[in-house]
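Note sheet for the following structure.
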Amino acid sequence: MSRAEEGVRLERPACPRASRLFAVPDQGQALIAGLPVSLDEACRSAAILLSGARRPLIGGLGCDVTGHRAALLLAEKLGGVVDHMHGAAQFRNWQAFQNGGWMTTTLSEVRNRADLIVLAGTDASRYPRFFERCIAPASQFGELTRKIVVLGGPAASIPVMDGVSVSSLAVDADRLGELFAVMRARLAGTSTDVAADVAGVPAAQVEALLADMRAARYGVLVWNAAELDFPHADLTIESAVNLVKALNQATRWSGLPLGGNDGDTSAAQTCTWQTGYPLRTAYEIAGPRYEPLLFGTDRLLKTGEVDALLWISAFDPDRTPPAADCPSVVLGRADMRFARAPDVFIPVAVPGVQHAGFLHRMDAVVALPLTAPAPSSLPGVAQVLAIIQGEVNHAAA
């Protein structure tokens, strides 16, 4: 990375998503009802709005760990609910994990050991650096020939890599659970010869895939819960993780849930160590209350069960708040634009570009430090929330 007049320029590697998101203004203007005000005035107005609510929702949570901690502290003070902008996708993974556990791996293990990677209903182009960092590099443990099988996703989006072969099976994402269940039955010795196809896939192709999966020395089943967006998709993920468990009876397999966008892994990790529960948790007099079916952002706003919204999105200017009838406060990038202006807008610095911090990696095993190659005079999310918290405390005194 290098500093340019317009912000930070990515020199190598040229990740298209990073190239877009690293171009961020150095200055921004706080607004109340669309009119420019000082930072202190905006924070004071935000504090009045939030402290006057019976149950505010603190959502978005697109920030670093320090911002997450400050958001949880404010939610506890206000008796609010916390949820991430990707909470619906996270919930699908949590359901599968809570129902029966899972066997997952790390990015380093994929890089150094995986010889067969099965992508389940996943568009690989969403994670271009997954291939650059985990699949293309040589293993630290010697020669390793890899094979990628794409189930229901576009194989053409996978880059050409030395020593990596790519094949695909056409299957609808909402039938992947059916496919995995039959494959697990075949592993258990149950005959499925009466069926000409499984989930629309010819039986012979299913048997060939299963043979490859049995023969793998270290296989990894990869999915992205955000793309499995259909009713009861958590059961599809549960079927996938159960298949991984069954494969481990004879060989070595692991799952790898992709994610980490907009700080979602960090938000879940922070909430878990602070409260004992993942997100979709409310702070109540009796203590934290975890209700993932009740405390989703869309549902709470639709039913009117929250009467104020604090939306945090410091990474991506396109992650604007959902439509809401209640008053709203937005902490976002200076270049964020709205179809409908929030009651209060406070521009904040971008973690990893304009201020230092750290985030949990998507596999949740490493905390990655964030540098500030283009320091800004804008405050970070945690700084703004601390000011708002101070105003709330002062009003309550």
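The values are calculated or read from the model by the stated rules, or taken from the named source; none is laboratory data. Predicted model only: the values in this text are computed from it and were never measured. Neighbour counts run over all protein chains shown; Cβ positions are idealised from the backbone, glycine included. For accessibility, only protein heavy atoms count, side chains too; no ligands or nucleic acids. Shrake-Rupley method; radii C 1.70, N 1.55, O 1.52, S 1.80 Å.
Of all residue pairs spaced 6 or more apart or on separate chains, those with beta-carbon atoms under 8 Å, a first member in the stretch 30-45 that is free of Cβ contacts under 8 Å to residues at least 12 places away in the same chain and a second member that is outside any helix (DSSP H, G or I) and open to solvent by less than 80 Å² (accessible area, probe 1.4 Å) are Pro36/Ala30; Val37/Ala30; Val37/Leu31; Ser38/Ala30; Glu41/Ala30; Glu41/Ile32. The residue that is nearest to Leu243 (Cα to Cα), counting only those in the stretch 133-161 that are among the charged types (D, E, K, R), open to solvent by 30 Å² or more (accessible area, probe 1.4 Å) and at pLDDT 85 or above, is Lys147.
This table checks each residue for (1) in contact with a helix residue (DSSP H, G or I) (Cβ under 6 Å, 6 or more places away or on another chain); (2) buried (at least 16 other Cβ atoms within 10 Å of the Cβ); (3) among the basic types (Lys, Arg).
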{"position": "Phe295", "(1), (2), (3)": "no, yes, no"}
{"position": "Asp298", "(1), (2), (3)": "no, no, no"}
{"position": "Gly304", "(1), (2), (3)": "no, no, no"}
{"position": "Ser313", "(1), (2), (3)": "no, yes, no"}
{"position": "Pro321", "(1), (2), (3)": "no, yes, no"}
{"position": "Ala324", "(1), (2), (3)": "yes, yes, no"}
{"position": "Pro327", "(1), (2), (3)": "yes, yes, no"}
{"position": "Leu331", "(1), (2), (3)": "yes, yes, no"}
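Among the residues of the stretch 278-325, those identified as without any contact (Cβ under 8 Å) to a residue 40 or more places away in the chain and closer than 13 Å to Pro56 by Cα are Gly304, Ala324, Asp325. In the stretch 37-44, is there at least one residue being of a type in the set (Asp, Glu), assigned to a helix (DSSP H, G or I) and farther than 27 Å from Ala286 by Cβ? Looking through the stretch 37-44, at least one residue is of a type in the set (Asp, Glu), assigned to a helix (DSSP H, G or I) and farther than 27 Å from Ala286 by Cβ.
Within this structure, Val182 passes the test of being touching a residue at least 12 places away in the same chain (Cβ under 8 Å), open to solvent by 10 Å² or more (accessible area, probe 1.4 Å) and not in a loop (DSSP other than H, G, I, E, B).
Take the conditions (1) at pLDDT 95 or above; (2) closer than 28 Å to Ser19 by Cβ; Arg111 misses just one of them, which is (1). With a requirement of 3 or more residues that are touching a residue at least 40 places away in the same chain (Cβ under 8 Å), the strands (runs of 3 or more DSSP E) lying completely within the stretch 56-162 that satisfy it span 56-62, 116-120. Among the residues of the stretch 98-114, is there at least one that is of a type outside the set (Phe, Trp, Tyr), surrounded by fewer than 16 Cβ atoms within 10 Å (Cβ to Cβ) and in contact with a strand residue (DSSP E or B) (Cβ under 7 Å, 6 or more places away or on another chain)? Yes, because at least one residue in the stretch 98-114 is of a type outside the set (Phe, Trp, Tyr), surrounded by fewer than 16 Cβ atoms within 10 Å (Cβ to Cβ) and in contact with a strand residue (DSSP E or B) (Cβ under 7 Å, 6 or more places away or on another chain).
The residue that is surrounded by the fewest Cβ atoms within 10 Å (Cβ to Cβ), counting only those in the stretch 241-262 that are in a helix (DSSP H, G or I) and modelled with pLDDT of 95 or more, is Lys245.
Of these, Ala382, Ala349, Ala364, which one is assigned by TED's automatic domain parsing to the domain that holds Leu39, among the small types (Gly, Ala, Ser) and at pLDDT below 90?
On the way: Ala382 fails: at pLDDT below 90; Ala349 fails: at pLDDT below 90.
Every option except Ala364 fails the conditions.
Answer yes if at least one residue in the stretch 271-287 is among the aromatic types (Phe, Trp, Tyr), in contact with an Asp or Glu (Cβ under 6 Å, 6 or more places away or on another chain) and at pLDDT 95 or above, and no otherwise. Taking every residue of the stretch 271-287 in turn, at least one turns out to be among the aromatic types (Phe, Trp, Tyr), in contact with an Asp or Glu (Cβ under 6 Å, 6 or more places away or on another chain) and at pLDDT 95 or above.
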